[in-house]
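Down below is the structure, laid out as structure tokens.
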Amino acid sequence: GVRRLTLGGSRRFTVRGLRNVYAELLRNLEVDDRNEARVVELVRQAAEMVVYGEQNGVPLFEYFCEKNMLALLVDLMSQESAPLRVQVLQTLGILVQNVRDTRNLYYILSNNHLNELIDLRISGLPEEVLGPYA
């Protein structure tokens, strides 16, 4: 069965909150030892917020689409950071598993971004991480 994320109705699950996450991601497109943990956390938060919004009628998925955040996630996969690449893969899996609206799922699956992700070299990731995605 599909696992549903259940998150409290926190005030941070707003368009403003996702806008802040997106802005901070844009300021940290080059990932290094200084910002790696923060960028990983931002990607995790974005997934959590988008799924919460999609399941609770908050227009966060729309903002995710408007800002083409799927392309941003794919771009982040080109970084050398294995923890970041693992988080991006997990985020995409969470989105696919938890999005309920078929139009939103179609958006995720129909764009060429997932094909780009599949084509990316993801060397350096442990086999136990790549297993479900290989």
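The values are calculated or read from the model by the stated rules, or taken from the named source; none is laboratory data. Computed from a predicted model, the values in this text were never measured in an experiment. Cβ placement follows ideal geometry from the backbone for every residue including glycine, while neighbour counts extend to all protein chains displayed. Heavy atoms of the whole protein, side chains included, go into the accessibility calculation; ligands, DNA and RNA do not. Shrake-Rupley method; radii C 1.70, N 1.55, O 1.52, S 1.80 Å.
Here is how the numbers come out for the structure above:
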item	result
Only Lys, Arg (+1) and Asp, Glu (-1) charged, at Cβ; the stretch 23-98 dipole about Cα centre in debye	80 debye
Sulfur and carbon atoms: percent of accessible area, the stretch 48-101 [1.4 Å]	46 percent
Ranked by how many other beta carbons lie within 10 Å on average, peptides 31-38, 19-26, 85-92, 57-64 from highest	85-92, 57-64, 19-26, 31-38
Among Q79, T91, G53 - extreme Cα towards positive end, dipole of the stretch 24-105, charges at beta-carbon	G53
Distance in nm between pseudo-label sites at E41 and N56 (7 Å out along the Cβ direction from Cα)	2.0 nm
